[in-house]
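The values are calculated or read from the model by the stated rules, or taken from the named source; none is laboratory data. This one's a predicted model, so the numbers in the text were calculated from it and none came from an experiment. Cβ sites come from the backbone with ideal geometry, for glycine too, and all protein chains shown count toward neighbours. Areas reflect the complete protein model, heavy atoms only, side chains present, ligands, DNA and RNA absent. Shrake-Rupley method; radii C 1.70, N 1.55, O 1.52, S 1.80 Å.
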Amino acid sequence: MEVTAAVLFDGHLAHYDVQVQGGRECHAQLSSYRGNPQQSPPQHITLKKEGRHWVSNDVDNRLSDDLGYAVELKAKPILEDRRREGGHPAE
């Protein structure tokens, strides 16, 4: 499943297209950034859920956690609807 997540990076809005895999790992691709292009966030981030936090080896913890939380807010209702309908969350 793919969702779009918006987070603040250095006080400017960054949009990522995020591919959710199994609810515990995500691959995010930067689609737009409204700040200085010289100080833009990472183009690609791989996130993993560890306990209550999202982590990545590539970026700072705050960006990883913010992006993971934004994905959870968007993906959770979709995943819950699929479970109610009896479909597999990955379909």
Original post:
For segment 38-54, which residues satisfy the criterion of being over 15 Å from Lys74 (Cβ atoms) and modelled with pLDDT under 90?
Top reply: Glu50, Gly51, Arg52, His53
**OP:** Check segment 75-87 and report whether any residue there is of a type in the set (A, V, I, L, M), in contact with a strand residue (DSSP E or B) (Cβ under 7 Å, 6 or more places away or on another chain), open to solvent by less than 60 Å² (accessible area, probe 1.4 Å) and at pLDDT 85 or above.
**Re:** no
Subject >> Candidate set: segment 1-59, residues that are basic (Lys, Arg) and part of a strand (DSSP E or B); chosen: the one least open to solvent (accessible area, probe 1.4 Å) >> reply: Lys49
